[in-house]
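Chemist: Have a look at the structure that comes next, please.
Here, each number is a calculation from the coordinates, and none is a lab measurement. Because the structure is a prediction, the values reported are computed rather than measured. Because the Cβ atoms are built from the backbone with ideal geometry, glycine has one as well, and the counts that use them run over all protein chains shown.
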Amino acid sequence: AEYLPEAPERRTDLSALERAAEACKGCDLYKDATQTVFGAGPADAEIVFVGEQPGDNEDRQGEPFVGPAGQVLNDALEDAGIDRSKVYITNAVKHFKHTLQGSRRIHAKPSAREVTACKPWIEAEFAAIKPKAIVCLGATAAQAILGRDFRITKQRGEIRETDFSPITTATWHPSAILRNPEEDATQRMYDDLADDLYAVAQLMT
Ligand code: URA
């Protein structure tokens, strides 16, 4: 059954939300994860970035986007002229879902049910921050926030109004760029990502 320690939608304080999320058992992912990885960044951030879920490094360190995907994101933010310390970065799912290959922990895609179970947390983060813009990174976040029919390949960079923000958009996930085996495509995707972030930055002025 859905169990949230305290109704997140009634909380408006980010640090109180984060503490409440530490004990979340809304789905089973908490069982194999080290800790809840909540969003990070200032409560007055204008832009909120939404990834999929913490990876191996994030699970150990308790912070979003601190591993290899975070490095790609850092590069793209810098190229777009966005100061990472001024934005809020979070994930659609707040526990690391993985399978074991020997002692290696391999990323596993969260199910629609797990994304739905986690959604009250991100809705509460949006309600607390009231972002001018939300940037979804990859399909999991885009489908959670922009709808199940959203296709990154066709619709990345489109600006939509949602209940959460007047400017809601989606772009490639940094990990998709790292995973792409073709060098040309990798460069093109990185350029798309940086361009999409730059376009959002221009809307903030
Ligand atoms: N990938 C994500 O989607 N989120 C993180 O925090 C790290 C990697």
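Chemist: Can you sort HIS98, HIS107, HIS173 by how many other beta carbons sit within 10 Å, fewest first?
Modeler: Values: HIS98 19, HIS107 16, HIS173 24.
Going from least to most buried by this count: HIS107, HIS98, HIS173.
Chemist: Once the Cα atoms of the chain are picked out, what are the Rg and Dmax in Å?
Modeler: Reported Rg and Dmax, both Å: 16.0, 49.
Chemist: Can you sort THR168, THR99 from fewest to most other Cβ atoms within 10 Å of each residue's own Cβ?
Modeler: In order of increasing Cβ crowding within 10 Å: THR99, THR168.
Chemist: If you restrict to DSSP beta bridges whose two residues both lie in the chain, what percentage is antiparallel, to the nearest 5?
Modeler: The antiparallel fraction comes to roughly 30 percent.
Chemist: In region 57-205, if the dipole is taken from +1 on Lys/Arg beta carbons and -1 on Asp/Glu beta carbons about the Cα centre, which of ALA117, ALA139, LEU193 is farthest to the positive end?
Modeler: ALA117
Chemist: Now for a separate question. In the Gaussian network model of the chain, springs joining C-alpha atoms below 10 Å, which of PRO181, PRO64, PRO54 carries the largest mean-square fluctuation?
Modeler: Looking only at PRO181, PRO64, PRO54, the largest GNM fluctuation is found for PRO181.
Chemist: Mind checking which of ASN180, ASN74, ASN57 has the largest fluctuation in a GNM of the chain, springs on alpha carbons under 10 Å?
Modeler: Comparing ASN180, ASN74, ASN57 in the GNM, the peak value goes to ASN180.
Chemist: Fewest Cβ neighbours within 10 Å first, please rank THR36, THR186 accordingly.
Modeler: The fewest-first ordering by Cβ neighbours comes to THR186, THR36.
Chemist: Further question on the same structure: Can you quote the Å³ per residue value for the convex hull of the Cα atoms in region 143-201, rounded to an integer?
Modeler: 86 Å³
Chemist: For the chain, modelled as a Gaussian network with Cα springs under 10 Å, which listed residue fluctuates most, ILE106, ILE152, ILE47?
Modeler: Among ILE106, ILE152, ILE47, the largest mean-square fluctuation in the Gaussian network model of the chain belongs to ILE106.
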